[in-house]
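The values are calculated or read from the model by the stated rules, or taken from the named source; none is laboratory data. Just so you know, these numbers come straight off a predicted model, no measurement behind them. We place every Cβ from the backbone using ideal geometry, glycine too, and count neighbours over all the protein chains shown.
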Amino acid sequence: MRLRVGPLAAVLAAVCLGARGAAVDASRFRYAAELALPASGQEELAELVLPPDAYRTTRNDLADLCVIRKAGGEAVPFLVECVTEEREERVRQSVGLHMVKAGELDGKRFQVTLERDPSAQKQEPLCGVVIHTTLRDFERLVTVEASPDCDAWQLIVRDARILDLSSHADFSLMEIRLPAVTQRYVRLTVDRMDEVRAGASATVTTSADAEGAVRNIERRVREEQRPFRIDRVDGWLEQSRWVRDARSLVPRGVRVVPGVPAELKSRYAKARLVCFEAGRVPLERVKTRSAKSVLSLAYILFEQADKPHEGASEWRQVAAGDVTRLAFRDFVQERMEIPLAESRASAYCLVLKDGEGASDVEVTGGAGPDYRVIFPYGAGQACSLLAGASEASGPTGYQPEQIRALLRRGIKPRKASLEGWSDNPAWRRTGSRFFSAEAAWLLPAAVVLAIIVLGCAVAVALRRVPG
C-alpha cells in the first residue's frame, strides 16, 4: 500500500507546487466566496459542488470561474465538470413466442398457448408479454400460467388488466409483467370471448318545423357482436447493465411569473402560456401537473435568449411534444415531464396549444445536473472561488488535464463548501478600466504632464520679468 501511495502523493505535490503561477487580478471578478476546506496534513484534492446561487452569477459555459490562494492570490489548477454517477439500468430484449394452440373455453373465455424457442440453449427468464390485436375500445382480464411440458400448469399472474381507449384517448395497455418465468410454455386465458358493441353504422335522423327549429331526433344504432382476437404475442427479457458517467439529475425549484410575452401571445392566440424562471440553474426536465383523468396536450417550450442577435427573436424553441395522463379506475399512467437539452436561460415560456384543455396544467418544478469544481490544496492553505468576469475567454478550468490525471490515479476528492456567496469588494466595472490599478501608466503620465505645465508657467513668468 505504501508503494502505491508514495507516487500518488508525489504527483499531487507536484501539481500543488506547480500551481504557484502568476497572480490573478481579482478585481475582474464580480463575485467572490471563501472556501471551507477539510483539514488535512498533506496534499489533497477538494471537490466543491456549485450551489444554485452560483449559477445566477456565472456564464453559461462556466468559463469565468477561478480558484485562487488567499495568501498570494495566485491561480490554482482546477477542473470544472458535470457531476456523474454509476448506476444500474434495466434493458429490454424482445423474444418471439410461437402460438401452438388457441380455442374458446366454457363461460365464453378465450385461451391461447405459447411456446418459447426450443432451440435456445439457455432459457433466460421471461419478464413480460405484449399482446397484439387489431381490436379497439375494450377491457379484459388475463390470467397467465406457465408449464415446462405443456401438461402441469402453474399460476403466474391472475386477472392482469389489458385495455384500449382509442375512442376517448390515445392510449392502450397491452403489456403484462411477469415474475421471471423460466418455463418453456406460457398460457394466457382471457376472461371474455365477445361482447356487444355499437357498430360503426349508427345513424341519427332529425325533423324540424316550418321555422327550421329541430323538434324531433331519432337515433338508429346497429349493434354488433365482436369476438376478441389475438394476432400475436411477444415476450421480453430484461438484463442489467451498469452505466458509468451517467448524469445525475437533481430537483430544481421554479417560480411561475405573471404576464406573457407579446411575441408568443400573438403567435399562439388560442393557447395557454405559462412563464417561469429557475434562477439560471441547469435544466434538463420541466415537471407539470394536472388533475384531469384523461389528458393529451401538445406543447412547445421556449427559452429567453440573454443577448439575441439583431433582428432575431427573443424567444427560442427548445422542446416540443405532448404531455399525457390517464387515470382509469386503479390504473394511472402519465408522462407529464418535458425533456429538453441542458439550458440555463433567464426565463422560459410553456405554450400549451389547447388553451381550454390546459386550463389546470401547472408547472411545478424541474430537474437538472450539478457541476463541481475540483482543485488541489495543501495543509494550512486557504482558497477562494471567483466568478462573474464577463470578458473571460478561453476553455473552462485552469490546467484541467493535470487534475484529470490525479483522478485517473484513483485519488478521491474531499468535500469542500462555500462560506457565503457575495459581491467582491475589489470588483470594478469593465467601463472603469481607465481608472483601475491596471492603468500603471497613469501616474507617470500625470507627473510628466505636471512637469510640462510647470515648465510652461516658469517660461511665461521669465518673459514677464523686466529686462
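Here is how the numbers come out for the structure above:
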{"quantity": "Cβ-Cβ under 8 Å pairs, at least 6 apart or on other chains, the range 291-305 side under 21 Å from H168 (Cβ atoms), far side part of a strand (DSSP E or B) and small (G, A, S)", "calculated": "S293/A327; V294/A327; A298/A320; A298/G321; Y299/A319; Y299/A320; Y299/G321"}
{"quantity": "Members of the range 402-412 found to be assigned to a loop (DSSP other than H, G, I, E, B) and in contact with a helix residue (DSSP H, G or I) (Cβ under 8 Å, 6 or more places away or on another chain), listed by number", "calculated": "R409, G410, I411"}
{"quantity": "Count of the range 376-401 residues which are in contact with a strand residue (DSSP E or B) (Cβ under 9 Å, 6 or more places away or on another chain) and part of a loop (DSSP other than H, G, I, E, B)", "calculated": "10"}
{"quantity": "Residue in the range 353-370 that is surrounded by the most Cβ atoms within 10 Å (Cβ to Cβ), counting only those that are part of a strand (DSSP E or B) and among the hydrophobic types (A, V, I, L, M, F, W, C)", "calculated": "V363"}
{"quantity": "Residue ID - surrounded by the most Cβ atoms within 10 Å (Cβ to Cβ), chosen from residues in the range 303-333 that are out of contact with any Pro (no Cβ under 8 Å at 6 or more places or on another chain) and of a type in the set (F, W, Y)", "calculated": "F328"}
{"quantity": "Pairs, first assigned by TED's automatic domain parsing to the domain that holds V281 and aromatic (F, W, Y) in the range 36-63, second surrounded by 15 or more Cβ atoms within 10 Å (Cβ to Cβ) and part of a loop (DSSP other than H, G, I, E, B), C-beta under 6 Å, six or more apart", "calculated": "none"}
{"quantity": "Residue selected from the range 312-340 under the condition part of a loop (DSSP other than H, G, I, E, B) and modelled with pLDDT under 90, by the criterion nearest to the chain's Cα centre (by Cα)", "calculated": "S313"}
{"quantity": "Subset of the range 248-260 [within 30 Å of R87 (Cβ to Cβ) and surrounded by 15 or more Cβ atoms within 10 Å (Cβ to Cβ)]", "calculated": "L249, R252, V254"}
{"quantity": "First in the range 146-166 and small (G, A, S), second anywhere and part of a loop (DSSP other than H, G, I, E, B) and surrounded by 14 or more Cβ atoms within 10 Å (Cβ to Cβ), Cβ under 9 Å, 6 or more apart", "calculated": "A146/W153; A146/Q183; A146/R184; S147/W153; S147/Q183; S147/R184; S166/D137"}
{"quantity": "Answer from D170, D106, D191, D149 - the residue that is acidic (D, E), surrounded by fewer than 17 Cβ atoms within 10 Å (Cβ to Cβ) and closer than 30 Å to D322 by Cβ", "calculated": "D170"}
{"quantity": "Qualifying residue in the range 413-424 (condition: crowded, with 20+ Cβ neighbours inside 10 Å, over 17 Å from R28 (Cβ atoms) and small (G, A, S))", "calculated": "yes"}
{"quantity": "Selection count, the range 281-297, where residues are of a type outside the set (A, V, I, L, M), at pLDDT below 95 and outside any strand (DSSP E or B)", "calculated": "2"}
{"quantity": "Residue in the range 29-38 that is aliphatic (A, V, I, L, M), over 17 Å from R372 (Cβ atoms) and in a strand (DSSP E or B) present", "calculated": "yes"}
{"quantity": "Given (1) touching a residue at least 40 places away in the same chain (Cβ under 8 Å); (2) part of a loop (DSSP other than H, G, I, E, B), index of the condition H309 fails", "calculated": "(1)"}
{"quantity": "Matching residues, the range 326-370, being touching a Ser or Thr at 6+ places or on another chain (Cβ under 6 Å) and either of a type outside the set (A, V, I, L, M, F, W, C) or within 17 Å of P261 (Cβ to Cβ) (or both)", "calculated": "R335, D360, V363"}
{"quantity": "Subset of the range 334-352 [under 17 Å from D322 (Cβ atoms) and surrounded by fewer than 16 Cβ atoms within 10 Å (Cβ to Cβ)]", "calculated": "E334, R335, E337, P339"}
{"quantity": "Members of the range 261-280 found to be loosely packed, with under 14 Cβ neighbours inside 10 Å, in contact (Cβ under 8 Å) with a residue 12 or more places away in the chain and outside any loop (DSSP other than H, G, I, E, B), listed by number", "calculated": "E263"}
